[in-house]
1. Can you order the peptides 106-112, 202-208 by their average number of other Cβ atoms within 10 Å per residue, highest first?
2. What distance in nm lies between label points placed 7 Å from Cα along the C-beta direction at PHE173 and GLN211?
3. So how do TYR58, TYR181 rank on accessible area, 1.4 Å probe, biggest first, that is with the largest at the start?
4. Heavy atoms of the protein only, probe of 1.4 Å, neighbouring chains included. What is the accessible area of ILE45 in Å², nearest 10?
5. Can you compute the label reach from SER135? Point 7 Å from Cα along the Cβ direction, backbone N cut-off under 11 Å, restricted to the stretch 29-47.
6. Just tell me which aspartates and glutamates come within less than 19 Å, Cα to Cα, of LYS130; anything on the same chain fewer than 8 places away is out.
7. Given the Cα atoms of the chain, and with Rh set as the inverse mean 1/r over their pairs in the Kirkwood sense, what is Rg to Rh to two decimals?
8. What number comes out for accessible area per residue over the stretch 4-135 if the probe is 1.4 Å? Units Å², please.
Amino acid sequence: PRSRACVRVTAPPTWVALWLMPRLPMFARDAPQVQVEVDASFDVIDLEAQGFDVGIRYAQSLPTHFKSVPLFEQTYVPVCTPELAQRIRRLADLAGQRLLHETDSSRWAAWMAAAGANQGDPAADRAVAKGLYFSHGTLAVNAALSGMGIALTEPSFLAQGEPKPKLVQPLPFRWSTGNRYHAVWSSRTPLSPAARVFLDWLKVQALSARQQFAGDSCA
């Protein structure tokens, strides 16, 4: 049987790779008695049926059979290497750069509109029309780290603790999708002590991230 000191977590792959993994060593240090099992999946998994203690969901509202804690808003900012950022001073400068898309160009188009680009703006249209496409956000961010272009990502997905930032935000505009990331668990199943320790830690980390990225720059 599974140890009571184990917590099973299911979450979207990008959240796992860019938000959880850089912070997980802190949890391992602070709660060595708790074993964490992480499932990175795009599937909306039935927590009870598949034996998960905690799930991460992004949505405006959640089904009533969940208990939940909101972590942070789903917000996107452009990120690139510091070297590339030196060539970007205004929105129109993006027309000469490669944008890195997650699946399709709709997210960049929405960010452009939020940043004030007029519908039909030639510079915005040129920027959005070209670029590279990836199946999920981790790949786009990794491409940005390689200097291949500019990605959109959640500010708190940027790795913490670097003496010199690997990615910076070249323009100050943010776009909020209206969704929030939530930690969820079944209202029909009591949380184990290990799951509660992990959930309490998640809340502290999410609060710290919200405070750190409350400003306009994630550099």
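The values are calculated or read from the model by the stated rules, or taken from the named source; none is laboratory data. A quick note: this is a predicted structure, and the numbers were derived from the prediction, not measured. Please note: Cβ atoms are built from the backbone with ideal geometry, for glycine as well, and neighbour counts cover all protein chains shown. Keep in mind that these areas ignore ligands, DNA and RNA; they rest on the heavy atoms of the full protein, side chains included. Shrake-Rupley method; radii C 1.70, N 1.55, O 1.52, S 1.80 Å.
1. Working: 106-112: 19.6, 202-208: 15.4.
Sorting 106-112, 202-208 by mean packing, highest first, produces 106-112, 202-208.
2. My value for the distance between the label points is 3.1 nm.
3. Result of the area sort, largest leading: TYR58, TYR181.
4. For ILE45, solvent-accessible area is about 20 Å².
5. 42
6. Correct list for LYS130: ASP93, GLU102, ASP104, ASP121.
7. When Rh is taken as the Kirkwood radius, the ratio is 1.01.
8. I get 51 Å² per residue for the stretch 4-135.
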